[in-house]
1. What number of residues in the range 465-484 are in a loop (DSSP other than H, G, I, E, B) and surrounded by fewer than 24 Cβ atoms within 10 Å (Cβ to Cβ)?
2. Restricting the search to the range 169-214, which residues are basic (K, R) and either surrounded by 20 or more Cβ atoms within 10 Å (Cβ to Cβ) or touching a His at 6+ places or on another chain (Cβ under 6 Å) (or both)?
3. Restricting to the range 482-530, name every residue that is among the small types (G, A, S) and at pLDDT below 90.
4. What number of residues within the range 391-416 are assigned to a loop (DSSP other than H, G, I, E, B), modelled with pLDDT under 80 and closer than 19 Å to T511 by Cβ?
5. For G423, are the conditions met, namely being at positive phi and either of a type in the set (V, I, T) or at pLDDT below 90 (or both)?
6. Take the residues in the range 336-351 that are in contact with a Pro (Cβ under 9 Å, 6 or more places away or on another chain) and in a helix (DSSP H, G or I), then tell me which one is nearest to I244 (Cα to Cα).
7. Look at L21 and say whether it is modelled with pLDDT under 90, buried (at least 19 other Cβ atoms within 10 Å of the Cβ) and farther than 30 Å from I134 by Cα.
Amino acid sequence: MIGAVSSVLATAGPDIPAADLDYGQLSPLIAVGALAMIGLVIEVAVPRRARFITQAVVAVLGSLVALGLTVWVYLGLEEVPEARWPALGGTGAEGAVAVDGPGVLTWALLLLFAVLSFLMFAERSHERGLSDFIGRAADAPGSPGEAEATTARLEHTEVFPLAVFALAGMMLFSVSNDLITMFVALEVLSLPLYVLCGVARRRRLLSQEAAMKYFLLGAFASAFFLYGAALAYGYAGSLNLTEIDTAISARSDETPILLAAIGLLLVGLLFKVGTVPFHSWTPDVYQGAPTPVTAFMAAATKAAAFIAMMRVLFVAFGGASWDWRPVLWVVAVLTMIVGSVVAISQTDVKRMLAYSSIAHAGFLTVGLSGAYMGQEEGLAITSVSSVLFYLLAYGVATIGAFAIVTVVRDSAGETTHLSKWAGLGKESPFLAGSFAIFMLSFAGIPLTAGFIGKWAVFSAAWGGGAWVLVVIGVLCSAIAAYFYVRVIVLMFFTEPVGDGPTVAVAGVPTTVVIALAVITTVVLGLLPGPMLDLAQNAGAFVR
C-alpha cells in the first residue's frame with residue numbers, strides 16, 4: 001500500500017507546479033504570524049513570573065518590526081501598467097492576496113493600532129499590580145478557584161498571542177483577493193476575539209455574556225458570508241474577486257443568484273463593521289469586554305472590515321454597483337441616525353462610545369458610497385483615500401478614549417457611569433483635557449483629525465453624487481455633537497457627586513498611549529496634508 005501511494009505521488013509530483021510566493025511582499029504578514037507562534041513558545045518556555053512582561057515586550061517590539069517591514073513593502077510597490085485607475089502593487093500567493101496600496105496602508109494602520117492596544121494590555125498598575133485580565137478564565141465568577149488565582153497573582157498571559165493571531169487575521173482579511181481566503185481570515189480574526197472578550201478580571205459575568213453574544217452572532221454572520229461565497233461561485237465559477245468581476249462584465253443581466261450572493265456577503269461584512277441593522281452586539285460587547293480588548297476591536301476590526309468590504313464591492317461587484325449602492329445608502333442613513341440618537345440616552349461611557357462607533361460606521365459608509373476613484377472628474381479625494389484617513393483619525397482617538405476609561409476607577413474597578421465623571425477636570429486636568437480632545441474629534445470640530453476625516457468622506461460622497469447622504473450626515477453630526485459636548489461639560493463644569501471621581505495613577509504604558517493619541521489627533525487636524533496625500537497616492541485596489 002505504501003509503495004503504491006509513493007508511486008502515485010512520484011508520478012503526480014512533476015505535474016503539480018510549485019506555488020509562486022514573493023516572501024518579501026508578504027513579509028509583514030509572515031512576521032506577524034511568526035510573532036504569534038513565538039508567543040505560544042513563550043507560554044511554554046518562560047517561567048510564569050517573567051511571562052507577562054516577556055509577552056508584552058515581544059508583542060510590542062514584534063509589531064514595530066512588522067510595521068517597519070510594511071513601510072519597506074509600501075516603498076517598493078510599483079504602479080500597475082495600463083490599469084483602469086492609478087494603482088500600486090499587485091497580487092501574490094497565486095492570486096489569493098492583493099498587496100496593493102490600500103492594503104499595505106491598512107496593514108500600517110492595523111499595526112499602529114496593535115502597538116497602542118498592546119501597551120494597554122501591558123498595564124499592571126490598576127489592579128494592585130495585576131493586569132485587567134483574569135488569572136484563570138476557566139474559574140467560575142466568585143468561585144474559590146478565582147480567589148485562589150487572584151491570591152496567587154496569576155495572570156492570563158495568553159491574551160498577547162491571542163491578540164496577535166487576531167491581528168494576523170485582520171491583516172490577511174484586508175488584502176484577501178478571493179472569498180475563501182477572506183473567510184479563513186475572518187475566522188482567524190474572530191475566534192481569538194471571542195475568547196478575549198470573556199477574560200475581564202472585574203464584572204466577570206458581564207464579560208462572559210459579551211463573549212457569548214459575540215460568538216453566537218458572529219457565527220451566524222460567518223455562515224451568511226460563506227453562503228454568499230458559495231452563491232458567488234455558482235454564478236461566476238470562481239471565488240477570485242477579479243474573475244467574479246469578469247463574469248459580471250460578460251453578462252448583460254443580473255440574475256437572482258448574483259443579487260443573493262451580494263446580499264449574503266454584505267450581511268457578513270456589515271456585521272463586522274457594526275452598521276444597522278447588524279449592530280445589536282456592539283454596545284453589549286464593548287461594555288462587557290476588557291477595556292483594552294474593546295479598544296483593539298473598535299479600532300482594528302473596523303479598519304480591516306471596512307477595507308475588506310470595499311475590496312469586495314469595488315473589485316468583485318463593481319459591475320453591479322447599481323444594485324448594491326442603494327442598499328448602502330439605506331444602511332448609511334439608518335446607521336448614522338440610530339448611532340447618533342441612541343447615544344444621547346446612554347449613561348455608561350463604554351456604551352456611549354459603542355453607539356458613537358455605530359454612528360462613525362455610518363459616516364464611513366457615506367464615504368464608501370461616494371466616488372470610488374475621482375481622478376477622472378478631477379476630484380481631490382476618493383472613497384478609498386477618505387476612508388483610510390477617517391479610519392486613522394477614528395482609531396487613534398478611540399484607543400485614546402478607552403485608555404482614559406481604564407484609569408477612571410473606584411474600589412470596584414472601572415467606574416463607567418457618567419455621573420462618576422463629574423468634576424474629572426479638577427481631579428485630573430490631563431485626563432479630562434485629553435478626553436475632551438477625543439470627544440471634539442469624534443464630533444468633527446475643526447482643528448482635530450475628526451473634522452478632516454468627516455470632510456474627506458463627505459467630499460468623496462458629494463463628488464459621487466450622494467449629496468443626500470452628505471446632508472443627512474451633517475445633521476447627524478450636529479446631533480452627535482450634543483452628547484460629546486455633554487461629557488465635556490460634565491467633566492469641567494459640573495460639581496462632583498459624593499467623593500467625586502477616583503483616578504488611578506496611570507502607568508507608563510497607558511500614559512504613552514494617551515499622549516500619542518492626543519498628539520496624533522491634534523497633528524492630523526492641523527497638518528492633514530501629508531497623510532491625505534499618502535492615502536491618495538496609494539491609488540485604487542488592484543484588479
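1. Here is the first cut: in the range 465-484, the residues in a loop (DSSP other than H, G, I, E, B) are 465-466.
Now restrict to residues that are surrounded by fewer than 24 Cβ atoms within 10 Å (Cβ to Cβ): 465.
The total comes to 1.
2. Passing the criteria: R201, R204.
3. From the range 482-530, those among the small types (G, A, S) are 498, 500, 504, 506-507, 515, 517, 525, 529; that's our starting set.
If the condition is that a residue be among the small types (G, A, S) and at pLDDT below 90, then G498, G500, A504, A506, G507, G529 are the ones that fit.
4. Qualifying residue count for the region: 0.
5. Working: at positive phi: yes; either of a type in the set (V, I, T) or at pLDDT below 90 (or both): yes.
Yes: the conditions hold for G423.
6. V338
7. Criteria not met by L21.
Every residue, every condition in (1) out of contact with any Phe, Trp or Tyr (no Cβ under 6 Å at 6 or more places or on another chain); (2) over 17 Å from V327 (Cα atoms); (3) buried (at least 23 other Cβ atoms within 10 Å of the Cβ), yes or no:
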position	(1), (2), (3)
A250	yes, yes, no
L259	yes, no, no
L266	yes, no, yes
L270	no, no, yes
T275	yes, no, yes
S280	yes, yes, no
P283	yes, yes, yes
A289	yes, yes, yes
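The values are calculated or read from the model by the stated rules, or taken from the named source; none is laboratory data. All values derive from a computational prediction rather than experimental measurement. Backbone-built Cβ (ideal geometry, glycine too); neighbour counts: all protein chains shown.
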